[in-house]
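Accompanying notes for the structure given below.
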Amino acid sequence: MKPAAVFYVLGTLLFFVFAFLQFNDATQYGNHDAWIWIVLYLIGALFNLAALFNKLSIVPVYIWFGFTAGSLLFRMQDDQGNLHLDWINPSKYWDDSGNQMIQQTNESGGLVILLIWALIQIILLKRQQSKQTPAS
C-alpha cells in the first residue's frame with residue numbers, strides 16, 4: 001500500500017472515531033455543540049475517504065484548509081476577542097486539577113489536527129497532480 005493510501009485510511013478511521021467521541025460533549029462540558037464537531041470530523045473523514053478512491057479535487061481541500069484556519073483563529077479568542085495562542089499548547093488541555101479537560105483548548109487542538117491534515121492532503125494531491133501532468 002502506498003504511503004498516501006495509508007495516510008488516507010488512517011485519516012478516515014481517525015476522523016470517524018473523533019466524530020463518534022463528540023457525543024459525550026453534553027455530559028462532559030454541559031453544552032450541546034457536539035453536532036458542530038461531529039460535522040467537522042465527518043468532513044475530514046469523508047475527504048480522506050474520497051482521496052483514497054481518487055475522487056477528491058484539490059479545490060475543496062483548499063477551501064477546507066481556509067475554513068479550518070479561520071475557525072482556529074476564531075476559537076482561540078476569548079469572549080472579549082483576545083487571541084490566546086497558548087490554547088493550542090497540549091499542556092493547557094487540562095485544568096489545574098488534571099481531571100477536567102478545558103473545552104477551548106481541546107477544540108483548538110482538534111482544529112489544529114484538521115488544519116495540519118488538510119495541509120498534508122494538499123501536498124499529496126499536488127504531488128499526484130504533478131505526476132499526472134505531462135511535462136512540456
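The values are calculated or read from the model by the stated rules, or taken from the named source; none is laboratory data. Keep in mind that what you see is a predicted model, and the values were worked out from it rather than measured. Here the Cβ positions follow ideal geometry from the backbone for every residue, glycine too, while neighbour counts run over all protein chains shown.
For segment 12-28, how many residues meet the condition of being among the small types (Gly, Ala, Ser) and either under 15 Å from SER108 (Cα atoms) or in contact (Cβ under 8 Å) with a residue 24 or more places away in the chain (or both)?
At the first step, the residues of segment 12-28 found to be among the small types (Gly, Ala, Ser) are 19, 26.
Narrowing further to those that are either under 15 Å from SER108 (Cα atoms) or in contact (Cβ under 8 Å) with a residue 24 or more places away in the chain (or both): 19.
Here the count works out to 1.
Taking interchain pairs and intrachain pairs at least six residues apart, which have beta carbon atoms under 6 angstrom, with the first residue in segment 60-85 and among the small types (Gly, Ala, Ser) and the second surrounded by 11 or more Cβ atoms within 10 Å (Cβ to Cβ)?
Here the result reads ALA69/LEU115; SER71/LEU111, each pair linking segment 60-85 to a residue that is surrounded by 11 or more Cβ atoms within 10 Å (Cβ to Cβ).
Output yes when any residue across segment 84-105 is out of contact with any strand residue (DSSP E or B) (no Cβ under 8 Å at 6 or more places or on another chain), loosely packed, with under 11 Cβ neighbours inside 10 Å, at pLDDT 75 or above and more than 23 Å from THR27 (Cα to Cα), and no when none is.
yes
If I filter segment 21-44 down to residues being closer than 17 Å to TRP117 by Cβ and not aliphatic (A, V, I, L, M), which single residue comes out as farthest from the chain's Cα centre (by Cα)? Show your work before the answer.
Step one: filter segment 21-44 for residues closer than 17 Å to TRP117 by Cβ, giving 21-22, 37-44.
Cutting the leftovers down to not aliphatic (A, V, I, L, M) gives us 22, 37, 41, 44.
Values: GLN22: 13, TRP37: 9, TYR41: 6, GLY44: 6 Å.
For segment 21-44, the residue satisfying everything is GLN22.
Out of all the residues in segment 29-39, is one or more of a type in the set (D, E, K, R), in contact with a His (Cβ under 9 Å, 6 or more places away or on another chain), surrounded by 13 or more Cβ atoms within 10 Å (Cβ to Cβ) and closer than 13 Å to GLU107 by Cα? Even if it seems obvious, please write down each step before you answer.
Of segment 29-39, the ones of a type in the set (D, E, K, R) are 33.
Checking which are in contact with a His (Cβ under 9 Å, 6 or more places away or on another chain) leaves us with none.
No, there is no match, as no residue in segment 29-39 is of a type in the set (D, E, K, R), in contact with a His (Cβ under 9 Å, 6 or more places away or on another chain), surrounded by 13 or more Cβ atoms within 10 Å (Cβ to Cβ) and closer than 13 Å to GLU107 by Cα.
Is it true that ALA34 is of a type in the set (Gly, Ala, Ser), without any contact (Cβ under 8 Å) to a residue 40 or more places away in the chain and under 18 Å from GLN132 (Cβ atoms)? Talk me through it step by step, then tell me what you get.
Numbers: of a type in the set (Gly, Ala, Ser): yes; without any contact (Cβ under 8 Å) to a residue 40 or more places away in the chain: yes; under 18 Å from GLN132 (Cβ atoms): no.
For ALA34, the condition - of a type in the set (Gly, Ala, Ser), without any contact (Cβ under 8 Å) to a residue 40 or more places away in the chain and under 18 Å from GLN132 (Cβ atoms) - is not met.
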